[in-house]
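Comments concern the structure below.
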Amino acid sequence: MKFIDLHCDTLMQSVKGAEDLFEIPGSMLDIKRMKEGGASTEFFAIFFPPLKDGRIELEGRIFSDEEYFNLLYNCYRNTMKRCGDYIAEAMNADDIAKNEAVGKMSGILTFEDGRLVDGSLDNMKKYYDLGIRLISLTWNGENCFGYPCSREAELMNKGLKTFGKEAVEYMNNLGIIIDVSHLSDGGFWDVLELSKKPFVASHSNCRSLSPHQRNLTDDMIKKMAEKGGVAGINFAPAFLQPDNANTDSTLELLSLHLRKMLDVGGEDFPALGSDLDGITGNLEVGCISKMSLIFDRLKADGVSEGIIEKIAYKNAFRVIKETLK
């Protein structure tokens, strides 16, 4: 069954020396295994790690945000060029359909933490022109858009900043998907009120089943679903387990959270957002080529083939079609 995955961190492999993503031993995802697993589309995140003294320090290397962006961006571009027999960039739903028609998968480029936008709509347009089609507004720190998920109630309740509110309308009009994974609860409710287009939680689960602050409450799920949004299930143990210290990510729990999303948000709400290459633990689905195991488990748990197709592909594709130009 073909599928769309709303989030992976595989571009970070470029920090370790990968010049493209065709085949990367030791990673959870690469182009070769996407093909083996039946992938249609992967959202490739440029994730911005926390700064230390204004710089990024990874793998013994030091970068400015711009230098880091250029490294990951060039890896993405190399992948689209060198792996052109397998995958091509997609800017919208039409591109995905055209790629599928000639037997190719699609790549969509995203920001995880929109801090490089730096409070400028002109900057946002610049990155849109470079191919960015989804922005996770925050990661784990405050930025120009707003505030992150937090265990501190005061921070968690803070909403979008003035620029963040302006950005919601601009992203709707420009054609960038708004992603509320990592955003504070207050920011979530602001996006819900302000966005005229469906938005996503690209890699978040159910807070009623696992109390991680990045997961969605039942009320959030209901309201997102009413607006046509989707959530991509995160494979990380801390987002699945009732005990966030448990390091096992199981098919049983993945199915449980997806079926909870179905119960609360309806059949048009759940999607996939693996977070592969950004998570650790004992993962039953720790590789993109194993995605079909989830579909098999859902079927065994009584979910119909038609609804599994929605979870795997159709729900995410609908949001892409309604938001990207």
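The values are calculated or read from the model by the stated rules, or taken from the named source; none is laboratory data. Since the structure is predicted, the reported quantities are computational estimates derived from the model, not experimental observations. Heads up, the Cβs are rebuilt from the backbone with ideal geometry, glycines too, and the neighbour counts pull from every protein chain shown.
Structure above, values below:
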| quantity | calculated |
| --- | --- |
| Elements of type helices (runs of 4 or more DSSP H) in segment 247-322, at least 1 residues being touching a residue at least 40 places away in the same chain (Cβ under 8 Å), out of contact with any Cys (no Cβ under 7 Å at 6 or more places or on another chain) and over 30 Å from Met91 (Cβ atoms) | 251-265, 292-300 |
| Every residue from segment 83-123 that is in a strand (DSSP E or B), more than 15 Å from Met171 (Cα to Cα) and hydroxyl-bearing (Ser, Thr, Tyr) | Ser106 |
| Considering residues of segment 198-222 that are assigned to a loop (DSSP other than H, G, I, E, B), touching a residue at least 40 places away in the same chain (Cβ under 8 Å) and out of contact with any Gly (no Cβ under 8 Å at 6 or more places or on another chain) only, the residue nearest to Thr138 (Cα to Cα) | Arg214 |
| Scan of segment 91-113 for residues that are of a type in the set (D, E, K, R) and farther than 20 Å from Glu36 by Cβ, ordered by number | Asp94, Asp95, Lys98, Glu112, Asp113 |
| Pair list, Cβ under 8 Å, 6 or more apart: segment 149-172 residue at pLDDT 95 or above, other residue part of a helix (DSSP H, G or I) and of a type in the set (D, E, K, R) | Cys149/Asp185; Met156/Asp185; Asn157/Asp185; Gly159/Asp190; Leu160/Asp190; Gly164/Asp190; Lys165/Asp190; Val168/Asp190 |
| Enumeration of residues in segment 22-68 that are touching a residue at least 24 places away in the same chain (Cβ under 8 Å), among the aliphatic types (A, V, I, L, M) and outside any strand (DSSP E or B) | Met28, Leu29, Ile31, Met34 |
| Filtered residue count, segment 78-98, keeping only those that are surrounded by 15 or more Cβ atoms within 10 Å (Cβ to Cβ), out of contact with any Asp or Glu (no Cβ under 9 Å at 6 or more places or on another chain) and either over 14 Å from Ile132 (Cα atoms) or of a type in the set (Lys, Arg) (or both) | 2 |
| Output for segment 256-274, where each listed residue is under 24 Å from Cys287 (Cα atoms) and either of a type outside the set (A, V, I, L, M, F, W, C) or at pLDDT below 95 (or both) | His257, Arg259, Lys260, Pro270, Gly273, Ser274 |
